[in-house]
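J.: Sharing a structure, written as structure tokens. Questions coming.
The values are calculated or read from the model by the stated rules, or taken from the named source; none is laboratory data. Please read these numbers as outputs of a predicted model, since none were measured by experiment. Positions of Cβ are backbone-derived with ideal geometry, glycine not excepted, and every protein chain shown enters the neighbour counts. Surface accessibility is based on the protein's heavy atoms, side chains included, excluding ligands, DNA and RNA. Shrake-Rupley method; radii C 1.70, N 1.55, O 1.52, S 1.80 Å.
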Amino acid sequence: PITHDGYLLIARCAFNKYHGSDTHSPIVLRNQMVHIMESAGLRVQAPISDSMPGSQDELPSGPYGPHDTNAIQHAKDDRAHVRGRKTLGVISGLPCFLDFSPVLSTLVNVQEQDLNDGKSEFANMQTTITVNQDKFLPGSIVLFRTWMKGSGMDLVVPDPTMSPVPSPMRIAANLTLANTAGVDYNGVNPSTSPLLIKKLLMPKPKAAAAASILVSNYDQGYLEILWQLMGVENRNRGAEIMIQMGRDELDAGNLAFTSDLGVWPPGLWDAVSVLEDEDINIVLYRCAGEEWDSIGDGAYNIPGHGDLPYCGLQGFMSVIEQVARNNDLGHAICANLRAGPWMMDYVVGRLNKYSAKFPNMSKLAAWFEERFRIIKTLSPSFVPKYFFQLIFLAYCAVHFKAIAVLCSLHQQKFICPDSSTRRVSSLEVLAQQLALTTYQLYGRVNTTSLFPLAKYPETPFNDPHGVACLAAGLPHFSSRHMRCWGRDIFISLRGLFLIPGHFDAARSHLIAFASTLRHGLIPNLLDQGNFSRYNARDASWWWLYAVQQYCQSSPEGLTFLGTTVYRRFPPLRRYRQGPDYLKEDESSEIPGDEGDMYISTDDPKMYQHVSTIGQICHEILERHARGISFKEWNAGPNLDHAMQDAGFHVSCHTKFDNGSGLLFGGNRFNCGTWMDKMGDSEKAGTKGLPATPRDGAAVEIIGLLKATLRWITKEVLSSEHRNLIPATGVS
């Protein structure tokens, strides 16, 4: 149990034809103390037969005799017969009974050994129980009470020679008794028991006499303080699950905590209640690439196991769950915890490093540090147990906080069950795990953002520390220019942001990519607007579909189409706001003021022009209708070492001559959709040849085109917000 308060039973089989003279190995209990409760020997009623000696006093002794005539005469069980003779009782169909003796037994020898080595008060000790082979005959049983040294449960026997210990000993040894104010426990006066006990967190009794009898010391032990900080005395469900970390609990998906904060461990809700979306990403997840990018550290490496999959609590839980299910105390993570405090220092250290930019994490770091400080004083043999329990507690608490955020954002019962109960259905478990994927992929790193750092004209997008953004995948797309992909983000926007209710995050991504519109295309690689790449024919259409879904899902609705967007690159003159908006022809050019041109982030023309979301939608549609054709900026091996020159030519056009209005584009040397694997083998002859070029009319683009036109005609242009799209219809 979590308090290490229990029993140890040593028994020897009574009937076994393989009984030999081999001595039982000593039983060693690290940092545990014991007190004998009872010992017993099994006696079997030996039948009297002609082959036996005539006198009963001469019958065989030991577990198979002598025959107790008085016991037979006073036996109350008349049903048990062996060869016509009554017995005292039957055990598994055998005529036998147990002789109990609750005294210091001669069947075993108990020795306590101090292993301190001068290190600390609670460094190490052990109790060795040696079986007395001559006395421990078949059928013998010894029962011990066990407790941890330093647990605040130390038992004291004033007169160890007193015998026999009366029955109240069993009540005095019950460490879970809650009534400590008086001297009467279940009708038993403790003064009749020679066994004194130091109770767990027991307040000082009011009666002085009781104080002299019941409690020998009011100082708390190390474990006693740790249990208090873990909320064990609250009988919280989290503590109980820590004992039951087997398959039934870990696979059930039940919440460890509920909205009843009274049973939470002290300080834990205060530590996690302040966490926001980005904080939860850091506390639970962060792959090694994100960690290196943010604080210069990587994932924790366990010698003999390898790097953890995540730097946050999920990385540890991925290993702890398997160790707990298999009770694998020989696992490499246990060995590493016993060898030194490095894992504890890692957990606290990374949270403290992040606290400079994310101050909400300082409370959780302090919560861990206070408890780890005690664990570091314990014997190494106990460190894995308590480390696992603290990680499990914090993980479950942050998980509850994340689900509570979803409950406040979105009231869909299949995601957010009643937080006052632990019970959840299998559908809710699945929905919660899917919802946690948002926290897994959404976070802030140093080397990339949604906007150039501190450049965007409006808050909160001009944060000098950057803006949180989605990773296209982990661990390969965790940082730098490879983190944010237009196609991937807007395919997943509905599931990761809109359904869970993270509307602000969805809005920031829609605006960020809209601000980088160039050539009538949403970029595939954003690179925070520094060197965005426009080689995807489908990213613009996934963006348009995400705008539609955002307007249909968010409280903002169609008014989002009027949101102002500052243009990272100068648009064509036709699409610049002013009296000539949509009047200038695309062929009209002014030297030095060309639209679609690349400019650096230091150019004063950056963010000089503005558009609305509705105008961006119109520009994408019109430019595809008129036709798009260009060669990528900075084309060559520095941009893509495998691509042939023809692959850098991007084209999109609409076929009106046959009356279809279908979108066509691409060529056999580029891959402009999600099936974008580029060949890279000269030996195989595939270098510069896409595995699936998909030039022509890609089916998903046609579907997205239809969905966009239908939405504009049936929902936007027929609403009171129709003026937010600069069009009157679709022909």
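J.: Taking only pairs six or more apart or across chains, which ones have beta-carbon atoms under 7 Å, a first residue in the range 521-547 that is over 25 Å from ALA454 (Cβ atoms) and assigned to a strand (DSSP E or B), and a second residue that is open to solvent by 10 Å² or more (accessible area, probe 1.4 Å) and of a type in the set (D, E, K, R)?
T.: Partner pairs satisfying both residue conditions: none exist.
J.: Now, a different point. Which of (1) open to solvent by 10 Å² or more (accessible area, probe 1.4 Å); (2) assigned to a helix (DSSP H, G or I); (3) in contact (Cβ under 8 Å) with a residue 12 or more places away in the chain does THR447 not meet, given it meets every other one?
T.: Of the numbered conditions (1) open to solvent by 10 Å² or more (accessible area, probe 1.4 Å); (2) assigned to a helix (DSSP H, G or I); (3) in contact (Cβ under 8 Å) with a residue 12 or more places away in the chain, the odd one out for THR447 is (2).
J.: Next question. Suppose we filter LEU406, LEU390, LEU378 for residues that are at pLDDT below 95 and either not hydrophobic (A, V, I, L, M, F, W, C) or not in a helix (DSSP H, G or I) (or both); which single one remains?
T.: LEU378 is the lone residue from the list that is at pLDDT below 95 and either not hydrophobic (A, V, I, L, M, F, W, C) or not in a helix (DSSP H, G or I) (or both).
J.: Report whether or not VAL383 is open to solvent by less than 30 Å² (accessible area, probe 1.4 Å) and either more than 22 Å from ILE282 (Cβ to Cβ) or at pLDDT below 95 (or both).
T.: Details: open to solvent by less than 30 Å² (accessible area, probe 1.4 Å): yes; either more than 22 Å from ILE282 (Cβ to Cβ) or at pLDDT below 95 (or both): yes.
So VAL383 fits the description; yes.
J.: Tell me which residues, restricted to the range 21-47, are outside any strand (DSSP E or B) and at pLDDT below 70.
T.: SER21, GLN45, ALA46, PRO47
J.: Just one of LYS706, LYS677 is more than 24 Å from ALA472 (Cα to Cα) and open to solvent by 60 Å² or more (accessible area, probe 1.4 Å); which is it? Walk me through how you get there before you give the answer.
T.: Working: LYS677 fails: more than 24 Å from ALA472 (Cα to Cα).
LYS706 is the lone residue from the list that is more than 24 Å from ALA472 (Cα to Cα) and open to solvent by 60 Å² or more (accessible area, probe 1.4 Å).
J.: So, in the range 138-154, how many residues would count as being in contact with a Gly (Cβ under 7 Å, 6 or more places away or on another chain), over 9 Å from MET33 (Cβ atoms) and at pLDDT 70 or above?
T.: Here the count works out to 2.
J.: Tell me which residues, restricted to the range 259-275, are open to solvent by 20 Å² or more (accessible area, probe 1.4 Å) and closer than 15 Å to HIS399 by Cβ.
T.: Residues satisfying the conditions are SER259, TRP269, SER273.
Here is a yes/no grid of residues against (1) of a type in the set (A, V, I, L, M, F, W, C); (2) crowded, with 22+ Cβ neighbours inside 10 Å; (3) touching a residue at least 40 places away in the same chain (Cβ under 8 Å):
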| residue | (1), (2), (3) |
| --- | --- |
| GLU278 | no, no, yes |
| VAL283 | yes, yes, yes |
| GLY306 | no, no, no |
| SER318 | no, no, no |
| LEU329 | yes, no, yes |
| VAL347 | yes, yes, yes |
| ARG350 | no, yes, yes |
| SER355 | no, no, no |
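J.: While we're here: Looking only at residues that are part of a loop (DSSP other than H, G, I, E, B) and over 14 Å from PHE451 (Cα atoms) in the range 485-520, which one is most open to solvent (accessible area, probe 1.4 Å)? Show your work before the answer.
T.: Pass one, the range 485-520, residues part of a loop (DSSP other than H, G, I, E, B): 499-502, 516-517, 519-520.
From the residues that got through so far, the ones that are over 14 Å from PHE451 (Cα atoms) too are 499-502, 519-520.
Working: ILE499: 53, PRO500: 4, GLY501: 5, HIS502: 9, HIS519: 26, GLY520: 0 Å².
Out of the qualifying residues, it is ILE499.
J.: Same structure, new question: I'd like the full set of residues that are part of a loop (DSSP other than H, G, I, E, B) and of a type in the set (Phe, Trp, Tyr), limited to the range 618-638.
T.: Hit for the range 618-638 is TRP633, nothing else.
J.: Criterion first (in a helix (DSSP H, G or I), surrounded by 16 or more Cβ atoms within 10 Å (Cβ to Cβ) and in contact with a Pro (Cβ under 8 Å, 6 or more places away or on another chain)) does GLN615 satisfy it?
T.: Yes; evaluated as a whole, the condition is true for this residue.
J.: Given (1) under 29 Å from the mean Cα position of the chain (by Cα); (2) open to solvent by less than 10 Å² (accessible area, probe 1.4 Å), identify the lone condition not met by ASP538.
T.: Checking ASP538 against (1) under 29 Å from the mean Cα position of the chain (by Cα); (2) open to solvent by less than 10 Å² (accessible area, probe 1.4 Å), the one that fails is (1).
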